[in-house]
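Scroll down for the structure; my scribbles are underneath it.
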Amino acid sequence: MTSIDQKNIETAGQAAETAKSLRKLYFIRAAFSVTWVILVALLAKSSFGIACVLLVIYPAWDVMGTFLDIRTNNGSVSKTPQYINAAISIITTIAVGFALQAGVPEALMVFGVWAILTGLIQLILGLRRRKLLGGQWPMMISGGQSIIGGTSFILLAHDPTMGITNLAGYAAFGAFYYLLAAFRLGKKENHNS
């Protein structure tokens with residue numbers, strides 16, 4: 001066996017292990033998003049306080065999800081986008097808390113900026129991972145949709161019909177794309193086994 005063959009075997013093994021770890025993470029992220037959507041639908045209109053807590057929890061969860069993503073990628077690929085994403089989500093969690101003191105429209109604008117920035121990072125990561133892992137088109141579409149969604153949150157923040165419950169659709173689509181990516185990675189994982 002040549003050193004090139006050995007390197008290809010190691011790369012394939014690493015890709016399969018990363019795909020397996022990401023698949024689990026994507027299922028966890030989808031489950032969180034579905035739970036969040038259900039809680040928003042059930043509680044946000046009846047309790048402004050609970051709605052505010054849910055709005056702060058969403059970007060805070062993204063911090064945890066990002067660090068889990070970093071942990072699943074043990075390869076030599078740069079993790080700079082994930083660290084930038086974590087920093088943006090930490091700042092957003094704090095900023096949403098402060099913005100809620102001014103009002104829901106201000107919090108929606110902060111949430112919109114966050115959705116744009118993290119969507120861009122998700123798009124970049126999907127593009128970087130697609131060659132090695134495949135199954136990343138749902139993450140790339142989700143990143144693009146997040147950019148569009150974030151822009152609409154900013155533009156419509158002061159619309160009287162816009163509220164925290166409008167973010168449930170954004171989170172539901174995120175869950176859908178995480179599930180699609182998890183299933184696609186399952187095919188990659190099974191292919192490399």
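The values are calculated or read from the model by the stated rules, or taken from the named source; none is laboratory data. Predicted model only: the values in this text are computed from it and were never measured. In this analysis, Cβ positions are derived from the backbone assuming ideal geometry, glycine residues included, and neighbour counts consider all displayed protein chains. Each accessible area value is taken on the protein alone, full model and side chains, heavy atoms only, with ligands, DNA and RNA left out. Shrake-Rupley method; radii C 1.70, N 1.55, O 1.52, S 1.80 Å.
What fraction, in whole percent, of alpha-carbon pairs in the chain exceed 22 Å separation?
More than 22 Å apart: 47 percent of the Cα pairs in the chain.
Can you pull the one-decimal nm distance between simple spin-label points at residue 71 and residue 42, each 7 Å off the Cα toward Cβ?
Result: 2.7 nm between the two label points.
How do 79-87, 152-160 rank on mean C-beta neighbours within 10 Å, highest first?
79-87, 152-160
Under 10 Å, Cα contacts only: if you run a Gaussian network model on the chain, which one of 108, 25, 42 comes out with the highest mean-square fluctuation?
Highest fluctuation of the listed residues: 42.
So how strong a dipole does the chain carry about its Cα centre when Lys and Arg Cβ are +1 and Asp and Glu Cβ are -1, to the nearest 20 debye?
560
Once phi is turned into θ = phi - 60°, what whole-Hz ³J(HN,Hα) does the Karplus curve with 6.51, -1.76 and 1.60 give for every residue of segment 147-159, x standing for Gly and Pro?
Each residue's phi maps through the Karplus curve to give 4, 5, x, x, 4, 5, 4, 5, 5, 9, 4, 8, 5 Hz.
Sorted by packing (mean other beta-carbon atoms within 10 Å per residue), highest first, where do 88-96, 47-55 land?
Packing order, densest peptide first, comes out as 88-96, 47-55.
Residue by residue, what Karplus-based ³J(HN,Hα) values in Hz, rounded to whole numbers, does segment 102-115 have, using 6.51, -1.76 and 1.60 with θ = phi - 60° and x for Gly and Pro?
7, x, 4, x, 5, 5, 5, 5, 4, 4, x, 4, 4, 4
On the Cα set of segment 103-155, report Rg and Dmax in Å, please.
Calculated on Cα positions, Rg and Dmax stand at 12.6, 44 Å.
Would you work out which of 93, 113, 137 lies farthest towards the positive end of the dipole of the chain? Charges go on Cβ: Lys and Arg +1, Asp and Glu -1.
137
Name the residue from 56, 33, 167 whose Cα lies farthest towards the positive end of the charge dipole of the chain, charges +1 on Cβ of Lys and Arg and -1 on Cβ of Asp and Glu.
Farthest towards the positive pole: 33.
Can you list the HN-Hα couplings for segment 59-72, worked out from phi with the Karplus curve (6.51, -1.76, 1.60; θ = phi - 60°), rounded to whole Hz and with x for Gly and Pro?
For segment 59-72, the Karplus-derived couplings read x, 5, 5, 4, 4, 4, x, 5, 5, 5, 4, 4, 5, 6 Hz, x marking Gly and Pro.
Rounded to the nearest whole Å², what accessible area per residue is found for segment 81-172 with the 1.4 Å probe?
The answer is 45 Å² per residue.
On each of the three principal axes of the Cα atoms of segment 82-184, give max minus min coordinate, whole Å, ordered largest first.
45, 27, 18
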